[in-house]
Amino acid sequence: MALEVLLVEDSKTQAAQIKETLESVGLRVRVAYDGPDGIREAIENPPALVVLDVKLPSMDGFQVCRRLKRNPSTQDVPVIMLTEKAGPQATMSGLRAGADDYIPKDIFASEHLINTLQELGILE
Amino acid sequence: MTDIRGPYHMRPPIMTVKVEDSMDIMIVRDTTRRASSLLGFAPAHRAQLSSAAATLAELVLKTGEVHTIHLNGVLNGTRTGLQISSETPWLAGVSANNVLVALRSKLGDLVDEIMLEGKDPPIILMVMWLSEAQSRSLVDEE
């Protein structure tokens, strides 16, 4: 059975694009459109991976990542932050929050995302 | 093109990216991820290195001149690392201490070492090292 990814992304357009990328490599994708929903979904039914946007309504991706890494049922779930905030400070904030990778949303994002999935053992 | 040396022995991969416009910043980021992946850096460290290289590329782009970002493996004894460097002729005559304070405050969390070498032109060098175990495993693989 295909591994399941939880995508937390408030933009429906971007969520559809990222979902398509993940499904193209055989993963199943659930989408949450804000931080609190993402946390609830992840805790109730822990996925194999969380792909997390930084800019989210009501709670940003750094907070979501910290909550997931503090919760015993999600602390071992890898988190990849996929974001428009690509500067040094934002990168370090993401990694310090516990993210396993921090990937800027640019033209190479899909390729880097898939490489990281392979590196983390999510894809063979 | 100046031969970028720095204090460490160079090893593959050796890559360069010419920075002419903002599109090239993405290419710098991508190339740095590839170079760090070849050396065996973990995804989080690749993110740090690519952010450091992209920030350096943004800095050189702001000078309005075409520059080259050099990415190469380095060896220091048994340890292997990735070095990111660029000539910075616009820094000639500027206090090295002031430059290093500014660079370390902006990029110090992303890499292990930041250096300013030479005078004609000065060269900014940044290095992140693999752990001893990762360096040994890289040598074993090769």
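Quick note: the coordinates plus some simple rules give every number you see, no bench work behind them. Being a predicted model, the structure only gives us computed values, none of them experimental. Reconstructed Cβ throughout: ideal geometry from the backbone, glycine too, with neighbour counts over all protein chains shown.
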Subset of region A:94-104 (residues that are charged (D, E, K, R) and buried (at least 20 other Cβ atoms within 10 Å of the Cβ)) | A:100, A:101
For region B:98-130, name all the residues that are without any contact (Cβ under 8 Å) to a residue 12 or more places away in the chain, in contact with a strand residue (DSSP E or B) (Cβ under 9 Å, 6 or more places away or on another chain) and away from every other protein chain (no Cβ under 14 Å).
-> B:118
Sole miss for residue B:82 among (1) part of a strand (DSSP E or B); (2) in contact (Cβ under 8 Å) with a residue 60 or more places away in the chain is condition (2)
Answer with yes or no whether residue B:18 is more than 22 Å from residue B:141 (Cβ to Cβ), among the charged types (D, E, K, R) and assigned to a helix (DSSP H, G or I).
-> no
Out of the residues in region B:61-79 that are outside any strand (DSSP E or B) and of a type outside the set (Ser, Thr, Tyr), state the one that is farthest from residue B:23 (Cα to Cα).
-> B:77
Can you tell me which residue among A:13, A:91 is more than 13 Å from the chain's Cα centre (by Cα), without any contact (Cβ under 8 Å) to a residue 12 or more places away in the chain and buried (at least 22 other Cβ atoms within 10 Å of the Cβ)?
-> A:91
Which of the residues that make up region A:91-124 are more than 7 Å from chain B (Cβ to nearest Cβ), at negative phi, of a type outside the set (A, V, I, L, M, F, W, C) and outside any helix (DSSP H, G or I)?
-> A:105, A:124
Quick check: anything in region B:39-54 within 14 Å of another protein chain (Cβ to nearest Cβ), in a helix (DSSP H, G or I) and within 16 Å of residue B:10 (Cα to Cα)?
-> yes
Which condition does residue A:79 not pass, out of (1) more than 11 Å from chain B (Cβ to nearest Cβ); (2) touching a Cys at 6+ places or on another chain (Cβ under 6 Å); (3) aliphatic (A, V, I, L, M), if it passes all the others?
-> (1)
Those residues of region A:94-124 that are small (Gly, Ala, Ser) and farther than 13 Å from residue A:81 by Cα come to a total of 1
Within region A:68-82, restricting to residues that are outside any loop (DSSP other than H, G, I, E, B) and touching a helix residue (DSSP H, G or I) at 6+ places or on another chain (Cβ under 7 Å), the one that is surrounded by the most Cβ atoms within 10 Å (Cβ to Cβ) is A:81
